[in-house]
1. How many residues does the range 107-122 contain that are more than 14 Å from the chain's Cα centre (by Cα) and either within 30 Å of Gly65 (Cα to Cα) or acidic (Asp, Glu) (or both)?
2. Within the range 99-124, how many residues turn out to be of a type in the set (A, V, I, L, M) and in contact with a strand residue (DSSP E or B) (Cβ under 9 Å, 6 or more places away or on another chain)?
3. Going by what's in this entry, would Glu58 be described as free of Cβ contacts under 8 Å to residues at least 12 places away in the same chain, at negative phi and out of contact with any helix residue (DSSP H, G or I) (no Cβ under 7 Å at 6 or more places or on another chain)?
4. Can you pull out the strands (runs of 3 or more DSSP E) entirely within the range 24-130 that have at least 2 residues that are at pLDDT below 95 and open to solvent by 40 Å² or more (accessible area, probe 1.4 Å)?
5. Starting from residues that are acidic (Asp, Glu) and part of a helix (DSSP H, G or I), keep the ones in the range 4-23 and report whichever is modelled with the highest pLDDT.
6. Within the range 88-120, track down each residue that is farther than 21 Å from Ala42 by Cβ and of a type outside the set (A, V, I, L, M, F, W, C).
7. Might you check whether a residue that is farther than 24 Å from Glu113 by Cα and either of a type outside the set (Val, Ile, Thr) or touching a residue at least 40 places away in the same chain (Cβ under 8 Å) (or both) occurs anywhere in the range 13-29?
Amino acid sequence: MAKPTPDLLRTVPLFAGLEDRDLESLADEFNERRFAAGDAIALEGEGGLMFFVVDSGEATVEVQGQEVARLGPGDSFGEIALIDRRPRTATVKAQSDLRTFGLPVFVFRPFVEARPEVAWKLLEAMADRVVAAERR
């Protein structure tokens, strides 16, 4: 099964500062996931235990039925699921055929626990999400 390249993972702010060996190790933990245009990948209010990185295609992000963002290659979503098992805060739908790589939370937690620099980047990403939500 295909895995993300370290270069793709490096485009994700959470992983941008990682060394090549860490990126290669992390890439091995991802699984390829494909979605057809119109498929819902994440549903607002539902459980989520997976983080995704978009490899190709386009998706929309909706909060309470309103489009708030578009995602394309190199974008990611689901980081809240990596920290907390709360329900999804948005719905993500494929707008075209979409190729992603998914990382389950049970794999990510030990990875972060061994690398405090990733934990810090995760905190920064969460702060960015809070600011964006407050602006809506």
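The values are calculated or read from the model by the stated rules, or taken from the named source; none is laboratory data. Because the structure is a prediction, the values reported are computed rather than measured. A quick note on method: Cβ atoms are made from the backbone with ideal geometry, for glycine too, and the neighbour counts reach across all protein chains shown. Areas reflect the complete protein model, heavy atoms only, side chains present, ligands, DNA and RNA absent. Shrake-Rupley method; radii C 1.70, N 1.55, O 1.52, S 1.80 Å.
1. 2
2. 2
3. no
4. 66-71
5. Among those that are acidic (Asp, Glu) and part of a helix (DSSP H, G or I), it is Asp7.
6. Across the range 88-120, the qualifying residues are Pro110, Glu113, Arg115, Pro116, Glu117.
7. Within the range 13-29, not a single residue is farther than 24 Å from Glu113 by Cα and either of a type outside the set (Val, Ile, Thr) or touching a residue at least 40 places away in the same chain (Cβ under 8 Å) (or both).
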